[in-house]
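Each value in this text was obtained by applying a stated rule to the coordinates, not by laboratory testing. In this text the structure is predicted, and so the values were computed from the model without any measurement. Cβ: placed from backbone, ideal geometry, glycine included. Neighbour counts: every protein chain shown.
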Number of protein chains: 2
Amino acid sequence: MLANVRVVLVNTSLPANIGATARAMKTMGITDLCLVEPKVFPSAEATALASGASELLATARVVATLEEAVAGCSLVLGASARSRTIPWPLMDARQAGEAVRLESDTQQVALVFGREDRGLTNEELQRCNFHVCIPSDEGYGVLNVAAAVQVLCYEVRMAHLLAAEQPLPDAQKMPVQFLRWDEEVVPHGDMERFYGHFEQMMVDTGFLAPDNPRQLMARARRLFGRVRLDRIEYNMWRGIFTRLQEIAAELNALKKPKE
Amino acid sequence: MLANVRVVLVNTSLPANIGATARAMKTMGITDLCLVEPKVFPSAEATALASGASELLATARVVATLEEAVAGCSLVLGASARSRTIPWPLMDARQAGEAVRLESDTQQVALVFGREDRGLTNEELQRCNFHVCIPSDEGYGVLNVAAAVQVLCYEVRMAHLLAAEQPLPDAQKMPVQFLRWDEEVVPHGDMERFYGHFEQMMVDTGFLAPDNPRQLMARARRLFGRVRLDRIEYNMWRGIFTRLQEIAAELNALKKPKE
């Protein structure tokens with residue numbers, strides 16, 4: 001279905017943005033790139049920025065008009081940062097991902113991105129069924145064009161994965177509980193002291209051989225990192241470690257041959 | 001709350017990626033940048049790529065270790081493309097956005113991104129509470145570091161906006177219906193012929209003065225673009241336009257003074 005999704009760049013000035021766009025698309029499994037009158041293409045800089053996605057540049061179509069680029073598409077979405085004189089039906093990026101997913105099942109879809117400095121013209125935007133905005137900071141809302149491609153292609157991919165109920169393919173996914181808590185969660189620096197204390201305690205008690213630590217500390221970090229201690233729990237555990245060290249020291253003292 | 005969100009770049013090689021990261025952050029309203037041993041910083045290239053976000057570079061902290069970068073953070077999330085020898089609690093980018101939203105309400109959060117070529121080391125990843133993956137194509141999953149920053153900061157911003165129930169601030173948002181349909185939706189090229197036909201009909205019938213078109217065609221495009229015609233509707237409307245043109249032609253013929 002992602003094969004039915006086309007990215008269209010209109011009048012791109014910088015070859016680096018074309019290359020970065022190819023890479024952004026390929027990471028999300030989208031490969032159909034169409035360039036409307038790029039300033040410079042092909043170019044070594046675009047190929048360098050495309051990294052492992054240079055074959056997208058090799059197969060990209062270059063056309064003279066937006067019309068040609070979106071021919072055959074039943075749904076055309078235009079990225080737009082500004083609101084226009086005539087308000088146009090507007091989706092945010094997430095809605096766009098869902099709309100593209102539904103449509104690309106059976107028909108061809110285009111995501112259209114404008115010039116670095118001026119975006120799409122009103123005439124071009126009026127050739128789109130919907131405008132898409134990426135919600136951004138009011139004071140500074142101008143995403144780089146390849147960054148905008150990355151976000152929209154990401155939302156298209158997420159919509160597909162969520163519909164297939166596999167947002168994390170091949171990954172072990174743990175249920176995450178983020179409860180609001182009455183106590184402060186202990187910050188990172190304290191936790192480093194915690195791990196240092198834990199490790200020393202494990203050495204003192206003879207469980208951990210410093211020359212053969214295996215994965216013990218990694219597993220400890222994973223566990224405590226996941227549960228995230230609050231201040232009371234933290235103090236409790238530090239107290240436990242200290243007590244265990246005292247016992248180990250006592251034991252060692254007793255086992256020493258009496259002088 | 002976004003003020004409690006910190007982006008940490010570890011050992012970044014290319015100044016362009018630092019600049020692009022600053023821009024990506026600022027578009028999403030996140031401004032706290034910390035650089036762990038960047039190869040080159042400050043640099044003119046980073047500033048150029050940061051575009052309007054160069055003040056983030058001016059206020060960025062440069063530190064020697066990841067420890068310093070995440071000091072004081074109660075939640076540390078590490079971006080990771082690969083699964084590791086020891087599986088770690090994993091979130092996808094969307095879960096991460098929600099987790100950061102909940103935490104950054106009251107406490108400090110860090111999003112950590114690794115080297116261009118090798119990402120984060122196992123040791124660095126083990127200093128993170130959770131790993132975050134951006135679901136990507138199995139065959140080619142390597143996002144550019146600034147692109148990964150863009151996606152994660154976008155998800156953090158979306159989580160905030162959705163929680164405040166304002167995903168599209170200041171924008172007119174229309175309910176969008178994407179129903180599965182029994183008939184083909186008419187593709188773009190046919191719709192261009194449709195608009196051409198519609199416009200000619202409006203001229204023929206005297207509604208539209210070619211020298212003073214106002215916003216008529218823009219409004220027509222907006223309307224039909226939104227509803228999206230299927231083939232049967234399309235044929236029906238084309239038939240209507242033709243019939244109206246015939247009437248206009250007949251009328252004109254009758255109004256002409258008889259010869």
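At 222 nm, what value in deg cm²/dmol follows for chain A if DSSP H runs of at least 4 each add -39500 (n - 2.57) and the sum is divided by all its residues, to the nearest 500?
Rounded to the nearest 500, it is -14000 deg cm²/dmol.
For segment B:52-147, what does the equivalent ellipsoid look like in terms of its semi-axes, each the square root of 5 times an eigenvalue of the Cα gyration tensor, given largest first in whole Å?
21, 17, 15
To the nearest 0.05, how large is the calculated FRET efficiency for B:Ala64 and A:Glu37 if R₀ is 56 Å and r is the Cβ-Cβ distance?
Efficiency for this residue pair is about 0.70.
Which angle from 0 to 90°, rounded to the nearest 10, does the C-alpha axis of helix A:145-163 make with the longest principal axis of chain A?
70
Taking just the alpha carbons, could you work out the radius of gyration and Dmax for segment B:2-163, both in angstroms?
14.3, 41
How many Cβ atoms of partner chains, on average, are near each residue of B:93-100 if near means within 10 Å of its Cβ?
3
Ranking request for peptides B:110-123, A:22-35: highest mean number of other beta-carbon atoms within 10 Å first, then the rest in descending order.
A:22-35, B:110-123
Could you give, in nm with one decimal, how far A:Ala163 is from each other copy of that position, shortest first, with labels 7 Å out from Cα toward Cβ?
Its label point is 3.0 nm from the equivalent points in the other copies.
Stokes-Einstein diffusion coefficient for segment A:1-55 at 25 °C in a medium of 0.890 mPa s, Rh from the Kirkwood formula over Cα pairs: what value in µm²/s?
Using the Kirkwood radius from Cα pairs, D works out to 222 µm²/s.
Between copies, how far apart are the B:Arg226 label points? List them in nm, one decimal, shortest first, with each point 7 Å from Cα toward Cβ, please?
In ascending order, 4.9 nm.
Provide the percentage of antiparallel DSSP beta bridges, counting only those with both residues in chain A; round to the nearest 5.
Rounded to the nearest five, the antiparallel share is 10 percent.
Return the whole-Å distance between the Cα centroid of segment B:110-128 and the Cα centroid of segment A:122-163.
Cα centroid to Cα centroid, the span is 28 Å.
What are the nm distances, shortest first, from A:Gln215 to its equivalents in the other copies, labels at 7 Å along Cα→Cβ?
Spacings between copies for this position, smallest first, are 6.2 nm.
Kirkwood Rh over Cα pairs of segment B:188-255 into Stokes-Einstein at 4 °C, 1.567 mPa s: D in µm²/s?
In µm²/s, the coefficient rounds to 102.
Just tell me how shielded B:71-79 is by partners: mean number of partner chain Cβ atoms within 10 Å of each residue's Cβ, no decimals.
Rounded to a whole number, the mean comes out at 4.
Mind checking B:154-161 for the average number of partner chain beta-carbons within 10 Å of each residue's beta-carbon?
4
With Kirkwood's inverse mean 1/r over C-alpha pairs for Rh, give me the Rg to Rh ratio of the protein assembly as shown, two decimals please.
Answer for the protein assembly as shown: 1.11.
List the relative contact order of segment B:2-163 as a percent without decimals, with contacts defined as Cα pairs under 8 Å and 6+ residues apart.
The value is 31 percent.
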